[in-house]
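Below is one structure, written out as structure tokens, with a few remarks after it.
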Amino acid sequence: MKTKQEEYTNKILDQLENLFKEDNENKIDLTELEDNNNAADFFHALANLAPTVVYVNLTKKEVGTLDFNHVANRLCMMNAKR
């Protein structure tokens, strides 16, 4: 049986995969990410900006990316102990 974390991870990955599909109006061309600056911007948006926006929308707490990073680090530590 999958854990909730595995279930959520798979659902998120399925949606992220759509970003790279030809028929998506929001498509990101993988060749665009060959540029180091674009790749850095993409991973910052993926790892920091977008999760912060989701967190703020769900919790109604106004936090910045650095504050959210602390939340994410605490979650990593909590889950590393499992």
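The values are calculated or read from the model by the stated rules, or taken from the named source; none is laboratory data. From a predicted model like this one, the values you see are computed outputs, not experimental measurements. Ideal geometry is used to build each Cβ from the backbone, glycine not excepted, and the neighbour counts take in all protein chains shown. Heads up: the accessible areas ignore ligands, DNA and RNA and are worked out on the full protein's heavy atoms, side chains in. Shrake-Rupley method; radii C 1.70, N 1.55, O 1.52, S 1.80 Å.
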Selection from segment 1-42 of residues that are of a type in the set (Val, Ile, Thr) and either more than 30 Å from ASN79 (Cβ to Cβ) or touching a Leu at 6+ places or on another chain (Cβ under 7 Å) (or both):
ILE28, THR31
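Rundown of residues vs (1) over 19 Å from GLN5 (Cα atoms); (2) out of contact with any Ser or Thr (no Cβ under 6 Å at 6 or more places or on another chain); (3) not basic (Lys, Arg), yes/no style:
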position	(1), (2), (3)
ASN18	yes, yes, yes
ASP23	yes, yes, yes
LYS27	yes, yes, no
LEU30	yes, yes, yes
PHE43	yes, yes, yes
VAL53	yes, yes, yes
THR59	no, yes, yes
THR65	yes, no, yes
ASN79	no, yes, yes
How many of the residues making up segment 55-65 are under 26 Å from LEU19 (Cα atoms), hydrophobic (A, V, I, L, M, F, W, C) and in contact with a helix residue (DSSP H, G or I) (Cβ under 9 Å, 6 or more places away or on another chain)?
1
Residues of segment 1-34 being in contact with a helix residue (DSSP H, G or I) (Cβ under 9 Å, 6 or more places away or on another chain), open to solvent by 70 Å² or more (accessible area, probe 1.4 Å) and among the charged types (D, E, K, R), which ones?
LYS2, GLU32
Can we say PHE68 is open to solvent by 70 Å² or more (accessible area, probe 1.4 Å), aromatic (Phe, Trp, Tyr) and without any contact (Cβ under 8 Å) to a residue 60 or more places away in the chain?
no
